[in-house]
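**Q** First, the structure itself, so that you have it in front of you.
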2 protein chains.
Amino acid sequence: MLPEVLLKELTVKTDSKIVLLVIDGLGGLPHKGKTELEAAFKPNLDALAKEGICGLMDPVYPGITPGSGPGHLALFGYDPLKYQVKRGVIEALGLGVEVLPGEVVARGNFATLSEEGVVLDRRAGRIPSERNRELCEELNLRLGEVEGVRVRFFPGKEHRFVVKFSGQGLSDEVTDTDPQKEGYRPLDPQPLSEKAERMVVVLRAFLRMVHEVLRDKRPANGILLRGFSEIPCIPSLSELYKLTPLCIATYPMYKGLARLLGMEVVKGCESIGDVFEALKVNFAKGYDFFYLHIKATDSRGEDGDFEGKVKVIEEVDRFVPLLKGLSPEVIVVTGDHSTPALLKGHSWHPVPFLLRSPYERIDDVERFTERDCLRGGLGRFRAQEAMTLMLASALKLKKFGA
Amino acid sequence: MLPEVLLKELTVKTDSKIVLLVIDGLGGLPHKGKTELEAAFKPNLDALAKEGICGLMDPVYPGITPGSGPGHLALFGYDPLKYQVKRGVIEALGLGVEVLPGEVVARGNFATLSEEGVVLDRRAGRIPSERNRELCEELNLRLGEVEGVRVRFFPGKEHRFVVKFSGQGLSDEVTDTDPQKEGYRPLDPQPLSEKAERMVVVLRAFLRMVHEVLRDKRPANGILLRGFSEIPCIPSLSELYKLTPLCIATYPMYKGLARLLGMEVVKGCESIGDVFEALKVNFAKGYDFFYLHIKATDSRGEDGDFEGKVKVIEEVDRFVPLLKGLSPEVIVVTGDHSTPALLKGHSWHPVPFLLRSPYERIDDVERFTERDCLRGGLGRFRAQEAMTLMLASALKLKKFGA
């Protein structure tokens, strides 16, 4: 990425507005000769492509399949290799847990231990989520504080939870307690650096207390922790680009990521319609960067549901006139990565990218598809470069050098 | 950029000649559906595009609008983020002032001060350039030397000038004296590092003497200085690439930049015709790299004069047969950045690039325009990569590795 000091120097605060519509997992692979985007009826997105300039974007590096963290960080202009959001934090954000600087979170499983303390089932027979909630509630009630550190359990699905430690002198530089295999005892956490020594003392006391509470709760009579994480120190969009950003998303993880980057987050969006409605309501309120996130394309892709993904694209398309009607100076439509239904997961394929602004060279692209974007005026580029392009097109960047 | 040590190792001195024709601010934006290049009648440039290979070049980074300094440095293969020519030096070069290593230059304003020494008008009522010349002359006559340091004033337009300090132990690490606002006294220069302490002593004595001379010259009874700069230490084209380069330009700033990079500079070119005539005269003289600079495209772009820019392109086109007639092994036509008339200034848009050599893969491009270059065989690339391409096409680069 460009040096941060340079970005801070070149960006200027203006009234122009940028709307970045992220259709999660947008790119696809052909099924019966057509990708999801090619199969979808989406006259409004195609019209937008015709009015703008298109390209294909590599989220991280050609061949690299990004998780949602790196996919989004790159899109917001951060080097995804430099700024990494650790797994525990991503999991916490996904449960809607706010993580503050200095706090440590970890992913956890409820597990079944033998009387000798050996792991018999790493997932405690996949206990029902309801039971998980009860256990977390009891643990929160009975533990509260350990060695002056506040601990909180947040239930996830089945046997999964997140635990958060809040207090002085914590550190995420400790090893997992999850042996990753049955037939072994949970591992004793070890410090990975000197500054993690207190954390290990806290953790050992914490684990003793937890196992005391769970003693008679078989099959969930033990816990395994992994991925201790603190939030990374990431400069905000306002620091780097002088933006006043608003995030409009339905899923907790994307809202959490947005908060990490200093965005304000709209509350209470559930559906695609809600997302666009919230844009309409907030458009005139003094924000100059709107990050809209559509999750369902990625979910359908992950399910391998080609038709379902096509339908979501078609639904998004119906809201494009509303978006255009607000007349933001810059509209960008893209994804954070590809999620081809064929692969039932994220993939490394470059992502279609569309930018409309009064100050771009219109290209010949007339349809918003992978194939058409390949011939677009922006060519193939790294996702990290998208942010300076958006800022430039909104006339928010000064000249570099005399 | 490639490591300099590698460039030095790979380049070989040969008889082949490269002509780099820089049409300043070449790229544009559509007006009534056509960019300046698309609107221009330029059969010779189009023929050259047909005979060569084309592409689109990002001067610094996608979205970043370069000044002339970074635009040119990149084109000559230098990392524009690593090598930066400071504002004061650019200003000095623009006035045709030569700056040697160890010398310090600054931009200055004549200003009006009150009897108490407070700035009443930062621009001294924009005194006529003629008055500026008289004042500089008188200052040069009466000051000459300060604390063993030679000082010289060079008049610019209206109230603007450049002052140059030549002597031992100088430094540009001092703060501005310009308070940037009226109602304040000129600032006392402060050292930004230990090695600037002598410079501050010189400056204070210098300022006392200047204000003594100007005492009764109201409205120009004071000066304000900013942007103290030394020339950066940049390896020359001959050091890096073993080239014997010649610069043919009409504007002082580009000649100055070329001198910074160790180029010889042709004297006395005023018009586009002069530039090509000088190329003809000097072509057989043992140079192997000719940097031709056409300024008027950028000037017309800056003026917002679409038709004017089109006409300049058409004029340049008429000299292309002369250029081709000299049969250099490599001809490159490009710009240092885009200057769309629509934006009345430099812009971030990629720049059309055309390379003709007997050793390139001819592509299908038949017209030299932004849109056609997008489909060219060179694709989209960073300006910094242009130099190795030119050298390679002239068979001036050895194989890397065994």
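**Q** Among A:V104, A:L6, B:L261, whose Cα projects farthest towards the positive end of the dipole of the protein assembly as shown, with charges put on the beta-carbon of Lys, Arg (+1) and Asp, Glu (-1)?
**A** The residue sitting farthest along the positive end of the dipole is B:L261.
**Q** Distance from the Cα centre of the range B:58-101 to that of the range A:255-272, in angstrom?
**A** So the two Cα centres are separated by 41 Å.
**Q** Which value, in nm² and rounded to one decimal, describes the direction-averaged projected area of the C-alpha convex hull of the protein assembly as shown?
**A** About 41.1 nm², averaged over all directions.
**Q** So how do A:H159, B:H337 line up by other beta-carbon neighbours within 10 Å, fewest first?
**A** Details: A:H159 27, B:H337 33.
Ordered from fewest to most neighbouring Cβ atoms within 10 Å, A:H159, B:H337 come out as A:H159, B:H337.
**Q** Dipole magnitude of the range B:90-229 about its Cα centre, charges +1 at Lys/Arg Cβ and -1 at Asp/Glu Cβ only, in debye to the nearest 20?
**A** Value, rounded to 20: 280 debye.
**Q** Go through chain B and flag any cysteine with no other cysteine's C-beta closer than 4.7 Å, please.
**A** That list is B:C136, B:C233, B:C247, B:C269.
**Q** Build a GNM of chain A with springs between Cα atoms under 10 Å: which of A:R318, A:R107, A:R142 gets the top mean-square fluctuation?
**A** Among A:R318, A:R107, A:R142, the largest GNM mean-square fluctuation belongs to A:R142.
**Q** May I ask you to report, in nm to one decimal and beginning with the shortest, the distances from A:L100 to the same position in the other copies, taking label points 7 Å along Cα-to-Cβ?
**A** Its label point is 6.3 nm from the equivalent points in the other copies.
**Q** State, to one decimal in nm, how far the label point of A:R204 lies from the label point of A:K8, with both points 7 Å from Cα in the Cβ direction.
**A** 4.2 nm
**Q** Could you give me the radius of gyration and the Dmax of the range A:1-92, taking only the C-alpha atoms into account and expressing both in angstrom?
**A** 16.8, 50
**Q** Taking the DSSP beta bridges in chain A as the whole, what percent of them are antiparallel, to the nearest 5?
**A** Values: 35 of 57 bridges.
The antiparallel proportion sits near 60 percent.
**Q** Quick one: which residues, 5+ away or cross-chain, put their amide H under 5 Å from the amide H of B:R123? H built at 1.01 Å from N.
**A** B:T112
**Q** If R0 is 30 Å, what FRET efficiency do you get for A:S114 and A:K82 from their C-beta distance, rounded to 0.05?
**A** Once the sixth-power term is evaluated, E becomes 0.10.
**Q** Would you pull out the residues with amide H under 5 Å of B:L192's amide H, same chain only if 5 or more places away, H placed 1.01 Å from N?
**A** B:V174, B:T175
**Q** Something else about it: Can you work out ³J(HN,Hα) from phi for every residue in the range B:183-190, in order, using Karplus 6.51 cos²θ - 1.76 cosθ + 1.60 and θ = phi - 60°, giving whole Hz and x for Gly and Pro?
**A** Each residue of the range B:183-190 in turn: x, 10, 6, x, 7, 7, x, 10 Hz.
**Q** Right, next: Could you work out the percent of alpha carbon pairs in the range A:132-189 separated by over 17 Å, rounded to a whole number?
**A** 53 percent
**Q** If you don't mind, another one. Please work out the C-alpha center-to-center distance from the range B:285-318 to the range A:1-51 and express it in whole Å.
**A** What the calculation gives is 35 Å, centre to centre.
**Q** Please average, across the residues of A:6-13, the number of beta carbons from any other chain that are within 10 Å of each residue's own beta carbon, and give a whole number.
**A** The shielding value for this peptide is 1.
**Q** Have a look at chain A and give its Rg and Dmax from the Cα atoms, expressed in angstrom.
**A** Considering chain A through its Cα atoms, Rg and Dmax are 23.1, 74 Å.
**Q** How many partner chain Cβ atoms sit within 10 Å of a residue's Cβ in peptide B:367-374, on average, as a whole number?
**A** 2
**Q** What Kirkwood Rh does the range A:248-375 have if only Cα atoms enter the pairwise 1/r average? Answer in Å.
**A** About 15.9 Å, per the Kirkwood formula over Cα pairs.
**Q** With each label point set 7 Å from Cα along the Cα-Cβ vector, what nm distance links A:D15 and A:L187?
**A** About 5.8 nm, to one decimal.
**Q** Got a sec to turn the phi values of the range B:230-247 into Karplus ³J(HN,Hα) couplings, 6.51 cos²θ - 1.76 cosθ + 1.60 with θ = phi - 60°, whole Hz, x for Gly and Pro?
**A** Values per residue, Gly and Pro as x: 10, 6, x, 8, 10, x, 7, 4, 6, 4, 6, 10, 6, 8, 10, x, 10, 9 Hz.
**Q** Using a Gaussian network model on chain A with a 10 Å cutoff between Cα atoms, which of A:K242, A:K17, A:K285 fluctuates the most?
**A** The residue with the greatest mean-square fluctuation here is A:K285.
**Q** On to the next question. List, shortest first and in nm to one decimal, how far the label point of B:N140 (7 Å from Cα along Cα→Cβ) is from its counterparts in the other copies.
**A** For B:N140, the other copies' label points sit at 8.0 nm, shortest first.
**Q** Taking 35 Å as R0, compute the FRET efficiency from the Cβ-Cβ separation of B:E366 and A:R380 and round it to 0.05. Don't jump to the answer; show the numbers that get you there.
**A** Numbers: r = 23 Å, r/R0 = 0.67.
Using R0 = 35 Å, I get an efficiency of 0.90.
**Q** When chain B is turned about an axis onto chain A, which of its residues keeps its C-beta closest to that axis, and how many Å is it?
**A** Axis relating chain B to chain A; nearest Cβ residue and distance: B:G379, 4.
**Q** Springs between alpha-carbon atoms under 10 Å, Gaussian network over chain A: tell me which of A:E98, A:E115, A:E197 tops the mean-square fluctuations.
**A** In the Gaussian network model the winner is A:E115.
**Q** Can you sort B:K157, B:K164 from fewest to most other Cβ atoms within 10 Å of each residue's own Cβ?
**A** B:K157, B:K164
**Q** Now for a different question. Can you give the longest stretch of chain B with no exposed loop site, where a site means chymotrypsin sites (Phe, Trp or Tyr not before Pro) in a DSSP loop (not H, G, I, E or B) with at most 13 other C-beta atoms within 10 Å?
**A** Result, exposed sites excluded: B:185-358.
**Q** What base-10 log of the normalised intensity I(q)/I(0) is obtained for the range A:310-372 from the Debye formula, alpha carbons as equal point scatterers, at q = 0.12 Å⁻¹?
**A** Reported log10 I(q)/I(0), two decimals: -0.38.
**Q** For B:K82, which lysines qualify as cross-link partners when the Cα separation must be under 22 Å and same-chain residues fewer than eight apart are set aside?
**A** A:K8, A:K82, A:K398, A:K399, B:K8, B:K242, B:K255
**Q** Oh, and also: Please compute, over every Cα-Cα pair in the range A:90-229, the percentage with a separation greater than 28 angstrom. Show your work: numbers first, answer last.
**A** Details: 893 of 9730 pairs.
Summing the P(r) of the range A:90-229 above 28 Å gives 9 percent of all pairs.
**Q** If you don't mind, there's one more thing I want to ask. Please list the non-local residues whose amide H lies under 5 Å from the amide H of A:R382, H modeled 1.01 Å from N, same-chain partners needing a gap of 5 or more.
**A** A:D58
**Q** So, in Å, what gap is there between the alpha-carbon centers of the range B:135-209 and the range B:365-402?
**A** For the range B:135-209 versus the range B:365-402, the Cα centre distance is 45 Å.
**Q** Return the tail of the calculated pair distribution for the range B:73-127, meaning the percent of Cα-Cα pairs more than 18 Å apart.
**A** 57 percent
**Q** Along the range A:109-120, what does the Karplus equation 6.51 cos²θ - 1.76 cosθ + 1.60 (θ = phi - 60°) give for ³J(HN,Hα), rounded to whole Hz, x for Gly and Pro?
**A** Each residue's phi maps through the Karplus curve to give 10, 6, 9, 9, 10, 6, 4, 7, x, 8, 6, 9 Hz.
**Q** For B:K32, place a label point 7 Å from Cα along the Cα-to-Cβ direction in every copy; what are the distances to the other copies, in nm, shortest first?
**A** 4.9
**Q** Have a look at the DSSP beta bridges in the protein assembly as shown and tell me what percent are antiparallel, nearest 5. Intermediate results must be reported in sequence, preceding the final value.
**A** Working: 70 of 115 bridges.
Just about 60 percent of them are antiparallel.
Any read-out appearing in this document is the output of simple, stated calculations on the displayed coordinates, not a laboratory observation. Since the structure is predicted, the reported quantities are computational estimates derived from the model, not experimental observations. Cβ atoms come from the backbone with ideal geometry, glycine included; neighbour counts cover every protein chain shown.
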